[in-house]
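I have placed the structure first, in the form of structure tokens, so that the comments after it can refer back to it.
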Amino acid sequence: MKAPEVKAVPVPVNLGQVFAALAAEKQLMLDTWQDLVNSDCGSRNKAGVDACGRRVQVFLESLGFRVRFHEYEKAGNFLVAERGDTSKPFVALLGHLDTVFPDGEAAARPFTVRDGRVAGPGALDMKGGVTVMLYALKELIEAGWNRLPVKVLLPGDEEVGHGSSGAAEDLVREAKGALCGFNLETSYPDNSVVVERKGAAFFRLEVKGIGAHAGNNPQDGRSAIVELASKILKISALTDWGKGTTLNPGMVGGGTAANAIAEKAWCVIDVRYRTEAEFERVESALRDIATSSLVPDTHGSLTLTCRLAAMERTAGSEALFEKINAIAQRHGFPAMLAKAVGGGSDSAYLVKAGVPVVCALGVKGEFNHTVREYALESSLLERARLLAAILCEIEI
Ligand SMILES: [Zn+2]
């Protein structure tokens, strides 16, 4: 089928009709949501994530989007869909295709709606948000909406921080040139959205000393445990509550027996930070701590095992939030709160690309990443209408 041409002249859209069309398609939206939840697509299931991407591809191509994928060997492919001339400033709509759940979860715990709550793997995080995005676009485009070029960005390995793909870098490249971004991530029952998220990094610190018998020749030993203990105190002291930087040496180990001077010791450190500058400060200090020693002849080594970028708070994102909050209230949606949260998302990479972004505009609910996860059914229509209103009225 030939993709419909996007007209150059902006067409005024009757938002009331779009809202009505969304309400009329509520059952179709629920069906799509169910389809997306009932097929396993955990981050480690490349085939499942790629199948989910092809479903979304078919939907978006029927709306005139040009769809392509960044393909990766060891991770789900990253769907990019464009409509209009995206060489000009465009709106970026962000989400992800993967969930945290293992294979078999969809069969064991399929999509259900009970007492206004929708459950099933990824119902909240974030098949609901993907559904909101697809239907807001569908109804707008069928009503003639063409005021802005739009780019949909759906990576397939968000929940594992893009550790075995180039999706983080690809995302920054794809987002460059966007006027603004909206992430349809998990939202909250209190109607808040997110303008700031902490980054997270995990380090493993290993110390090697010299083993010896604790009774026969303790003077020949160099305790890796004593050295590690001294390092842990210095590591803890890097916490800066004022800047929101915390370090937690959450796991330690070492030694082989009480009557032996420990030859080896290790710890794992969780670091949370609000800015890239803080991450750099902490990483450099940790390297110094690792390589300098109190106990002579001991040697430390530090490995960064995982890192999720921080979504830094920017004036641009705050201003964008004010605009969409005004649009929301103009159309009778409840006022939103802009908050900072500890958990990460791909919005960080849009901020890195210099794009103002508001995150958590998807369906509302609680307990994501657990089997207790649920989404509020009523928020599906509400958030689809809100996204439609934003796309019709946002001025940047
Ligand atoms: Zn998510």
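Structure notes:
- Inter-site label distance for Asp35 and Ile396 at 7 Å from Cα along Cβ, in nm: 2.9
- Computed extension gain for Glu280 through Val58, at 0.36 nm per residue and net of the alpha carbon distance, reaches 75.7 nm.
- Judged by the ratio a/c of the largest to the smallest principal axis of the C-alpha gyration tensor, the range 295-386 counts as oblate, that ratio being 1.5 or greater while a/b is no larger than b/c.
- Percentage relative contact order, the chain, counting C-alpha pairs under 8 Å, at least six apart: 23
- Each label was represented as a point 7 Å from its Cα along the Cα-to-Cβ direction; for Asp103 and Phe367 these points are 2.7 nm apart.
- With Cα atoms, 0 to 90° folded angle of helix 378-393 axis to the chain main axis: 70
- Surface per residue (accessible, 1.4 Å probe) for the chain, Å²: 42
- Gyration tensor verdict on the range 1-135 (Cα atoms; rounded if a/c is under 1.5, prolate if a/b is larger than b/c, oblate otherwise): oblate
- Trp33, Trp241, ranked by accessible area, largest first (probe 1.4 Å): Trp241, Trp33
- If R0 is taken as 56 Å, the Cβ-Cβ distance between Gln329 and Ser301 corresponds to a FRET efficiency of 0.55.
- Cα point-scatterer Debye curve for the chain, base-10 log of I(q)/I(0) at q = 0.06, 0.07, 0.10 Å⁻¹: -0.29, -0.38, -0.69
- Only DSSP H runs of four or more residues enter the estimate; each adds -39500 (n - 2.57), and after division by the residues of the chain the mean residue ellipticity at 222 nm equals -10500 deg cm²/dmol.
- Put simply, when 259-266, 89-96, 123-130 are sorted by average Cβ atoms within 10 angstrom per residue, most first, you get 123-130, 89-96, 259-266.
- P(r) weight above 16 Å for the range 202-244, C-alpha pairs, percent: 53
- Pairs of alpha carbons in the range 201-308 whose separation is greater than 24 Å (percent): 27
- Note on the range 201-308: with neighbouring protein chains present and a 1.4 Å probe, carbon and sulfur make up 57 percent of its accessible heavy-atom surface.
- Listed by chain and number, the lysines whose C-alpha is less than 19 Å from the C-alpha of Lys176, apart from same-chain residues fewer than 8 away, are Lys88, Lys151, Lys352.
- Each part reduced to its alpha carbon centroid, the range 360-396 and the range 101-125 end up 17 Å apart.
- Share antiparallel - DSSP beta bridges, the chain, percent rounded to 5: 75
- Taken over the Cα atoms of the range 115-225, the convex hull encloses 245 Å³ per residue.
- Highest-MSF residue in the chain out of Leu381, Leu304, Leu179 [GNM, Cα springs under 10 Å]: Leu304
- For the chain, built as a Gaussian network whose Cα springs stay under 10 Å, the top-fluctuating residue of Val358, Val100, Val132: Val100
- Remark: spin-label model distance Leu233-Glu73 equals 4.7 nm, labels positioned 7 Å along the Cα→Cβ axis.
- Here's how it looks for Ser192: its modeled amide H is under 5 Å from those of Leu337, which are all 5 or more places away or on a different chain.
- Rel. contact order, % - alpha carbon contacts under 8 angstrom, at least six apart, the range 201-308: 41
- Largest GNM mean-square fluctuation across Gly76, Gly255, Gly84, computed for the chain with C-alpha springs under 10 Å, falls on Gly255.
- Scoring 182-189, 198-205 by mean Cβ neighbours within 10 Å over their residues and listing the highest first yields 182-189, 198-205.
The values are calculated or read from the model by the stated rules, or taken from the named source; none is laboratory data. Owing to the predicted nature of the structure, the values given are computational and were not obtained by experimental measurement. In this analysis, Cβ positions are derived from the backbone assuming ideal geometry, glycine residues included, and neighbour counts consider all displayed protein chains. Note: accessible area is taken over every heavy atom of the protein model, side chains too, but ligands, DNA and RNA are not part of it. Shrake-Rupley method; radii C 1.70, N 1.55, O 1.52, S 1.80 Å.
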